[in-house]
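Q: So that we are looking at the same thing, I have put the structure below in structure tokens.
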Amino acid sequence: MSNLYERLGGENAVNAAVELFYRKVLADGRIAQFFDGVDMDQQIAKQKSFLTMAFGGPNNYTGADMRNAHKRLVAKGLNDSHVDAVIENLNYTLRDLGVPEKEVKEVAAIANSVRDDVLNR
Amino acid sequence: MLKFEDRSVELRPGETVLEALERAGIDAPSSCRSGNCQTCLHRAVEGVPPPDSQVGLTQGQKALGFFLPCVCLPTSPLTITRPDNVGARRDAVIRAIEPLAPDVIRLRVDADDFAYRPGQFLELVADGDLRRHYSLASHPEDDPFLEMHIRLHENGRMSRRLGEFKPGDRLHVAGPSGTCFYEGVHEEQRLLLIGAGTGLAPLYGVLRDALKRGHLGPIRLYHGARSRDGLYLDEELKALSRTRAHVDYRPCLLDPNAPAGGDVAATALHAEQDVKDSAIFLCGGENLVKRLKRDFFMRGASMKNIRSDAFTPSG
């Protein structure tokens, strides 16, 4: 059995998902405020690297990277409900692209695995 | 084999440029280290980075030699620099300085060997620490000078200094910078250029470059201004759109009584509902650029098709 990243379609799958996902996040009133004033060109690259990680693809993120990247947002009130919303949008994105439920759950589990680092706990 | 600016950097077999920079003690930020997050972005000023190290970058960035050191295994000699390094200052001489509108001047300077793409910007250095960024409206193949459109601010230091300058005076330029130029556009793609105030300068450069390269698709240019005087290339652009059937110039005078706000952003957002396949260029104040970028993205435009340059006023 090939790994998750290969089953999803690798880099092409990330490219297909990234703008769809980012639009959903920006349109979601629960979390959109965290993206106010953010440079969209830089943000799309960061979304891409988040999706690559969640899809089980190559990445070298450390817990410290995740903590530092979100410290400012935690200070602004980022909490579990916002992480839930992000994962929900990720699930919708994958379903829109026709990804089977088994893989949707695997991606959600990887995204969920960095929750404590993201929330700096 | 590998140089960081003037300094030789040892590159071991199988080592990435990022690893070599770190081993040499050069401060190089990084995060994902797998070619996605673009935190480690650098630029090659000599040599060609391998295509694998440019995946995910815009066509404009690729054309300028930008690459990702964390996934770069060079196959030929490279000299690299930080992405924001504008290079050495060069001598420039003022060729012409004249008003385009009551608060806008056109500055033309001569500078040797200043390679650029129309729509990029340079750093203009008047004396010592007095420097500002201005976009280039000229075309390197047609114009022997660099042309800038500059808004004058009543109490701005540079504005006052520019008021004293006359042809023959010397100053300095550095750069160019910026990726808001005609690259990665299909010749039949719809081109949407939207700007306000002197945001017209880079768009005018892009428009001329597109026409020079034989762009075939429809081109629509919106220029917003607070008063009629501010539509400072009105006659020229009207004449151009009369002779080129695929060029549509839309001057937008600020109308405070219009229902949707009446500025160029509101006008363009109302008229441009289908932007999925357009190549979009946005130039002007930060609010205008951010609003249009977000709204066009949400309407289905891909980020790689949106090029922008946000101006920050500094007098």
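The values are calculated or read from the model by the stated rules, or taken from the named source; none is laboratory data. Computed from a predicted structure; not experimentally measured. FYI the Cβ positions are ideal-geometry reconstructions off the backbone, even for glycines, and counts take in every protein chain you see.
Q: Quick one: which strands (runs of 3 or more DSSP E) sit completely within segment B:1-64 and have at least 1 residues that are under 27 Å from A:LEU51 (Cα atoms)?
A: B:42-46
Q: Check A:LEU90 against each of (1) at pLDDT 95 or above; (2) part of a helix (DSSP H, G or I); (3) surrounded by fewer than 19 Cβ atoms within 10 Å (Cβ to Cβ) and name the one condition it does not meet.
A: For A:LEU90, the exception is condition (3).
Q: Right, next: Would you check if B:GLU286 is among the acidic types (Asp, Glu), modelled with pLDDT of 95 or more and not assigned by TED's automatic domain parsing to the domain that holds B:GLU141?
A: No; evaluated as a whole, the condition is false for this residue.
Q: Restricting attention to segment A:68-86, report how many residues are assigned to a helix (DSSP H, G or I), surrounded by 17 or more Cβ atoms within 10 Å (Cβ to Cβ) and out of contact with any Ser or Thr (no Cβ under 9 Å at 6 or more places or on another chain). Write out each step before concluding.
A: Residues of segment A:68-86 that are assigned to a helix (DSSP H, G or I), as a first pass: A:68-75, A:80-86.
Adding the requirement that they be surrounded by 17 or more Cβ atoms within 10 Å (Cβ to Cβ) leaves A:69-70, A:73, A:82-83, A:85-86.
Filter again for out of contact with any Ser or Thr (no Cβ under 9 Å at 6 or more places or on another chain), leaving A:70, A:73, A:82-83, A:85-86.
The qualifying residues number 6.
Q: Given the conditions (1) touching a helix residue (DSSP H, G or I) at 6+ places or on another chain (Cβ under 6 Å); (2) over 17 Å from B:ASN36 (Cβ atoms), and given that A:ILE44 satisfies all but one, which numbered condition is not satisfied?
A: (2)
Q: In segment B:70-89, is there at least one residue being within 14 Å of chain A (Cβ to nearest Cβ), touching a helix residue (DSSP H, G or I) at 6+ places or on another chain (Cβ under 7 Å) and among the acidic types (Asp, Glu)? Quick ask: steps written out before the conclusion?
A: Pass one, segment B:70-89, residues within 14 Å of chain A (Cβ to nearest Cβ): B:70-71, B:83-84.
With the extra rule that they be touching a helix residue (DSSP H, G or I) at 6+ places or on another chain (Cβ under 7 Å), the set shrinks to B:70-71.
With the extra rule that they be among the acidic types (Asp, Glu), the set shrinks to none.
Scanning segment B:70-89 turns up no residue that is within 14 Å of chain A (Cβ to nearest Cβ), touching a helix residue (DSSP H, G or I) at 6+ places or on another chain (Cβ under 7 Å) and among the acidic types (Asp, Glu).
Q: Looking only at strands (runs of 3 or more DSSP E) that fall completely inside segment B:107-190, which ones have 1 or more residues that are touching a Lys or Arg at 6+ places or on another chain (Cβ under 6 Å)?
A: Working: elements: B:121-125, B:131-135, B:146-151, B:170-177.
Output list reads B:121-125, B:146-151, B:170-177.
Q: What are the residues in segment B:1-44 that are surrounded by 20 or more Cβ atoms within 10 Å (Cβ to Cβ), among the polar types (S, T, N, Q) and either more than 24 Å from A:MET66 (Cβ to Cβ) or away from chain A (no Cβ under 11 Å) (or both), if any?
A: Answer for segment B:1-44, where residues must be surrounded by 20 or more Cβ atoms within 10 Å (Cβ to Cβ), among the polar types (S, T, N, Q) and either more than 24 Å from A:MET66 (Cβ to Cβ) or away from chain A (no Cβ under 11 Å) (or both): just B:THR16.
Q: Kindly check whether there is at least one residue in segment B:88-106 that is farther than 28 Å from B:GLU5 by Cβ and without any contact (Cβ under 8 Å) to a residue 12 or more places away in the chain.
A: Within segment B:88-106, one or more residues are farther than 28 Å from B:GLU5 by Cβ and without any contact (Cβ under 8 Å) to a residue 12 or more places away in the chain.
Q: So which residues in segment B:54-69 are within 14 Å of another protein chain (Cβ to nearest Cβ) and either within 18 Å of the chain's Cα centre (by Cα) or under 20 Å from B:ILE26 (Cβ atoms) (or both)?
A: We begin by selecting, within segment B:54-69, every residue within 14 Å of another protein chain (Cβ to nearest Cβ); these are B:54-61, B:66-69.
Correct list: B:LEU57, B:THR58, B:GLN59, B:GLY60, B:GLN61, B:PHE66, B:PHE67, B:LEU68, B:PRO69.
Q: Regarding B:THR312, is this residue in contact (Cβ under 8 Å) with a residue 24 or more places away in the chain and either within 27 Å of B:GLU147 (Cβ to Cβ) or within 16 Å of the chain's Cα centre (by Cα) (or both)? It would help to see each step written out before you state the result.
A: Values: in contact (Cβ under 8 Å) with a residue 24 or more places away in the chain: yes; either within 27 Å of B:GLU147 (Cβ to Cβ) or within 16 Å of the chain's Cα centre (by Cα) (or both): yes.
Here the answer is yes, as B:THR312 does meet what is asked.
Q: Listed residues B:GLY175, B:GLY224, B:GLY168, B:GLY197; which is out of contact with any Pro (no Cβ under 9 Å at 6 or more places or on another chain), touching a residue at least 60 places away in the same chain (Cβ under 8 Å) and crowded, with 24+ Cβ neighbours inside 10 Å?
A: On the way: B:GLY175 fails: crowded, with 24+ Cβ neighbours inside 10 Å; B:GLY224 fails: out of contact with any Pro (no Cβ under 9 Å at 6 or more places or on another chain); B:GLY168 fails: crowded, with 24+ Cβ neighbours inside 10 Å.
The conditions single out B:GLY197.
Q: Still on this structure: What's the number of the condition B:ASN287 fails, among (1) surrounded by fewer than 17 Cβ atoms within 10 Å (Cβ to Cβ); (2) part of a loop (DSSP other than H, G, I, E, B); (3) within 14 Å of another protein chain (Cβ to nearest Cβ)?
A: (2)
Q: Would you confirm whether or not segment A:67-86 contains a residue that is within 11 Å of chain B (Cβ to nearest Cβ) and closer than 29 Å to B:VAL289 by Cβ?
A: Kept after step one, since they are within 11 Å of chain B (Cβ to nearest Cβ), are these residues of segment A:67-86: A:68-69.
Remaining after also requiring closer than 29 Å to B:VAL289 by Cβ: A:68-69.
Yes, segment A:67-86 contains a residue that is within 11 Å of chain B (Cβ to nearest Cβ) and closer than 29 Å to B:VAL289 by Cβ.
Q: Need the failing condition index for B:LEU254 against (1) among the aliphatic types (A, V, I, L, M); (2) in contact (Cβ under 8 Å) with a residue 40 or more places away in the chain; (3) in contact with a Gly (Cβ under 8 Å, 6 or more places away or on another chain), just the number.
A: Going through (1) among the aliphatic types (A, V, I, L, M); (2) in contact (Cβ under 8 Å) with a residue 40 or more places away in the chain; (3) in contact with a Gly (Cβ under 8 Å, 6 or more places away or on another chain) one by one, B:LEU254 breaks only (2).
Q: Tally the residues that are part of a helix (DSSP H, G or I) and either within 12 Å of another protein chain (Cβ to nearest Cβ) or of a type in the set (Asp, Glu) (or both), restricting the search to segment A:24-42.
A: Here is the first cut: in segment A:24-42, the ones part of a helix (DSSP H, G or I) are A:24-27, A:32-35, A:40-42.
If we keep only those that are either within 12 Å of another protein chain (Cβ to nearest Cβ) or of a type in the set (Asp, Glu) (or both) too, we end up with A:24-27, A:32, A:35, A:40-42.
So the answer is 9.
Q: Could you tell me which numbered condition B:PRO313 fails, if it satisfies all but one of (1) surrounded by 21 or more Cβ atoms within 10 Å (Cβ to Cβ); (2) of a type outside the set (D, E, K, R); (3) not in a strand (DSSP E or B)?
A: It fails just one condition, (1).
Q: A further question on this structure: Any idea which of (1) loosely packed, with under 15 Cβ neighbours inside 10 Å; (2) assigned to a loop (DSSP other than H, G, I, E, B); (3) among the hydrophobic types (A, V, I, L, M, F, W, C) is the one B:VAL86 doesn't satisfy?
A: All conditions are met except number (1).
Q: If you go through segment B:209-229 one residue at a time, how many are among the small types (Gly, Ala, Ser), at pLDDT 95 or above and over 21 Å from the mean Cα position of the chain (by Cα)?
A: So the answer is 1.
Q: While we're here: Yes or no: segment A:43-66 includes at least one residue that is under 16 Å from A:ALA16 (Cβ atoms), among the β-branched types (Val, Ile, Thr) and either away from chain B (no Cβ under 12 Å) or buried (at least 17 other Cβ atoms within 10 Å of the Cβ) (or both).
A: Yes - at least one qualifying residue is present in segment A:43-66.
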